[in-house]
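Scroll down for the structure; my scribbles are underneath it.
Taken together, the values in this text are just the output of simple stated rules run on the coordinates, not laboratory data. Everything numeric in this text was worked out from a predicted model, so none of it was measured. In this analysis, Cβ positions are derived from the backbone assuming ideal geometry, glycine residues included, and neighbour counts consider all displayed protein chains.
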2 protein chains.
Amino acid sequence: MNVGIIGPGLIGGSMALDLRLRGFAAEVTGVEKDPVASDAALRLGLVSAVLPLQECVRRSDVVVLAVPVDAAIILLPRVLDLVEGTSKTVLDVCSVKEPLCKAASSHPARKRYVATHPMAGTEYSGPWAAEPGLFDGRACIFCDAEASSPDALEVAERLYDVLNMRVSRLPASDHDLHVAYVSHISHVTSFALALTVLDKERDEKHIFDLASGGFSSTVRLAKSSPVMWKPILKHNRENVLEVVDTYIDKMQAFRDAIADADEQRLGELITEANRIKRILK
Amino acid sequence: MNVGIIGPGLIGGSMALDLRLRGFAAEVTGVEKDPVASDAALRLGLVSAVLPLQECVRRSDVVVLAVPVDAAIILLPRVLDLVEGTSKTVLDVCSVKEPLCKAASSHPARKRYVATHPMAGTEYSGPWAAEPGLFDGRACIFCDAEASSPDALEVAERLYDVLNMRVSRLPASDHDLHVAYVSHISHVTSFALALTVLDKERDEKHIFDLASGGFSSTVRLAKSSPVMWKPILKHNRENVLEVVDTYIDKMQAFRDAIADADEQRLGELITEANRIKRILK
């Protein structure tokens with residue numbers, strides 16, 4: 001099976017590596033406008049050729065859109081135009097799904113498209129960040145699967161099976177709400193934490209010296225790229241805002257308990273937060 | 001050299017392990033009031049005996065106070081009473097230092113005490129959480145070192161050298177301010193994140209399924225024990241409050257940029273947050 005990766009960066013490039021290594025893909029070609037990234041994707045062996053969009057889609061049985069969500073919304077109808085009347089499968093891997101499902105909804109080739117969200121990644125981006133095994137054991141959500149044709153779904157399932165992902169299904173609107181809670185908010189809180197510490201700690205050496213493992217892991221996501229995260233926060237705005245507001249309320253509750261030296265309330269808040277242990281190892 | 005660990009839990013127990021394994025300590029005994037923890041510390045081989053405080057201090061050349069900061073403030077003068085007139089060294093390992101330095105300041109045996117903060121740990125606690133190598137390569141801060149006698153400082157330096165820590169010195173008040181920025185705030189933001197997600201996501205299965213690595217690492221510290229963190233937030237109240245207020249302002253800035261769909265501002269905020277990359281790998 002030939003695979004075309006539009007945007008062979010962290011996610012697309014990691015897919016490319018494992019799909020070829022594990023025998024799913026006979027050939028992986030890519031589309032990449034940026035000449036530096038294109039060169040890297042070739043040199044790192046993520047793709048065997050970088051092609052114009054039309055040529056890449058023509059040569060591929062499966063086309064994976066692995067670009068930031070704003071670019072994906074524009075590209076998806078164009079790719080569907082190119083696959084209309086064929087048995088090719090088109091996937092995207094964005095972490096916001098409703099705007100993509102909407103962008104495809106009235107397209108005559110809608111059934112060739114499977115909206116997927118492989119929930120894996122790191123705080124790095126670009127072809128340099130691609131790594132084998134990135135998806136192993138993680139969750140992948142298929143959204144509005146009933147709008148995709150059974151054979152396209154089957155190809156997508158096989159692809160994610162090769163990547164060792166646990167696939168489940170959700171309506172796009174549910175997905176976007178849940179990821180606001182368990183993924184998008186973590187990025188906003190990390191960005192805010194980085195800004196706070198950079199603001200307060202003029203002496204960067206102190207940050208470096210004093211940052212224990214706790215700080216590093218909490219602030220890790222603050223390294224994430226604005227190219228990816230600006231459009232996510234924009235396109236999942238309503239859901240993210242709701243969670244951000246709840247979060248600010250919780251911070252305020254802590255603030256008040258600390259200000260009042262209310263040890264009982266502090267203990268209650270921390271004990272309640274500890275319940276996360278039951279869910280996450 | 002004989003070492004006495006008051007509170008052989010995560011920090012004290014991990015020290016006990018490496019100090020004996022690496023030949024610094026001939027014998028490690030402990031003080032532990034809780035019978036379950038005491039039994040575990042013995043069974044796990046962290047200490048060779050659990051003794052009454054007086055007996056443990058009598059047998060030890062170095063006494064390490066490894067209990068939550070509220071307990072340490074009460075115990076420190078009692079331990080200094082017991083070492084008065086001897087050449088024993090007393091350390092504490094708390095992450096707030098000013099209240100401890102104050103508690104010791106007028107004690108006749110003040111010079112036997114070295115205020116230290118080995119910046120290492122995990123979100124777990126108790127003797128079960130002790131692990132070898134916990135301190136390797138991490139930073140350790142000595143506070144108000146000029147109030148300690150040179151020979152006590154030398155013992156403390158040798159001890160942390162065996163633990164492979166990078167020792168530096170700060171006034172206690174500076175230390176408490178800096179750790180509010182790079183450690184205590186991370187715990188508060190993690191607690192608030194856990195509360196938010198637990199509140200919003202009634203269906204715990206969704207948290208488990210959808211939580212990608214990003215969420216897990218950001219929320220990890222929310223598993224931290226209230227027994228340790230309630231007193232830290234209380235005793236470093238002024239500093240923590242200042243950082244929490246700045247942090248809430250930064251969250252509000254993100255909130256407003258998202259609400260206004262102000263992409264330029266969002267991009268600026270994220271790009272500014274990304275500067276943390278230059279400091280932390």
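Show that you can apply the helix-only estimate: for chain B, add -39,500 (n - 2.57) for every DSSP H stretch of four or more residues, divide by all residues, and state [θ] at 222 nm to the nearest 500.
Helix-only estimate at 222 nm: -15500 deg cm²/dmol.
In what sequence, highest mean first, do A:220-229, B:137-146 appear when ranked by Cβ atoms within 10 angstrom?
Top of the packing list down: A:220-229, B:137-146.
Say each of residue A:22 and residue B:34 gets a label point 7 Å from the Cα, pointing the same way as Cα to Cβ; how far apart are those two points in nm?
Taking the two extended label points, one gets 4.2 nm.
Counting only other chains, what is the mean number of Cβ atoms within 10 angstrom of the Cβ of each residue in peptide B:222-234?
5
Based on alpha-carbon centroids, what's the gap between region A:66-93 and region A:218-281 in Å, whole number please?
Between the Cα centres of region A:66-93 and region A:218-281 lies a distance of 35 Å.
Using +1 at the Cβ of each Lys and Arg and -1 at the Cβ of each Asp and Glu in chain B, identify which of B:28, B:116, B:264 lies farthest towards the dipole's positive end.
Ranked along the dipole, the leading option is B:28.
Name the residue, out of A:232, A:185, A:270, whose mean-square fluctuation peaks in a Gaussian network model built on chain A with Cα pairs under 10 Å.
A:270
Contour minus end-to-end for residue A:275 and residue A:227, with contour as 0.36 nm per residue of separation and end-to-end as the Cα-Cα distance?
Stretched out fully, the residue A:275 to residue A:227 stretch lengthens by 13.8 nm.
Between residue A:166 and residue B:102, what FRET efficiency comes out of the Förster formula 1/(1 + (r/R0)^6) with R0 = 60 Å and r the beta carbon distance, rounded to 0.05?
0.65
Given the C-alpha centroids of region B:168-197 and region A:135-149, what is the distance between them in whole angstrom?
About 39 Å separates the Cα centre of region B:168-197 from the one of region A:135-149.
Which number gives the lysine pairs in region B:175-278 that have C-alpha atoms under 20 Å apart and are eight or more places apart or on different chains?
Count of close lysine pairs: 4.
Mind checking which of A:246, A:116, A:189 has the largest fluctuation in a GNM of chain A, springs on alpha carbons under 10 Å?
A:246
Residue by residue through B:254-262, how many Cβ atoms from other chains fall within 10 Å of the Cβ on average?
So the per-residue partner count for this stretch is 5.
Would you mind computing, in nm to one decimal, how far apart the modelled labels at residue A:264 and residue A:252 are, each placed 7 Å from Cα along Cα→Cβ?
2.3 nm
Assuming R0 = 41 Å, can you tell me the calculated FRET efficiency for the pair residue B:53 and residue A:237, based on Cβ-Cβ distance, to the nearest 0.05?
Once rounded, the FRET efficiency stands at 0.10.
Over the alpha-carbon set of the protein assembly as shown, work out the extent along each principal axis and list the three values in angstrom, largest first.
The principal-axis extents, from largest down, are 92, 45, 41 Å.
Between A and B, which A residue has the Cβ nearest their rotation axis, distance in Å?
Per the Cβ-to-axis criterion, the result reads A:217, 2.
Given R₀ = 25 Å, FRET efficiency for residue A:2-residue A:174 by Cβ-Cβ distance, to 0.05?
The pair residue A:2/residue A:174 has a calculated efficiency of 0.15.
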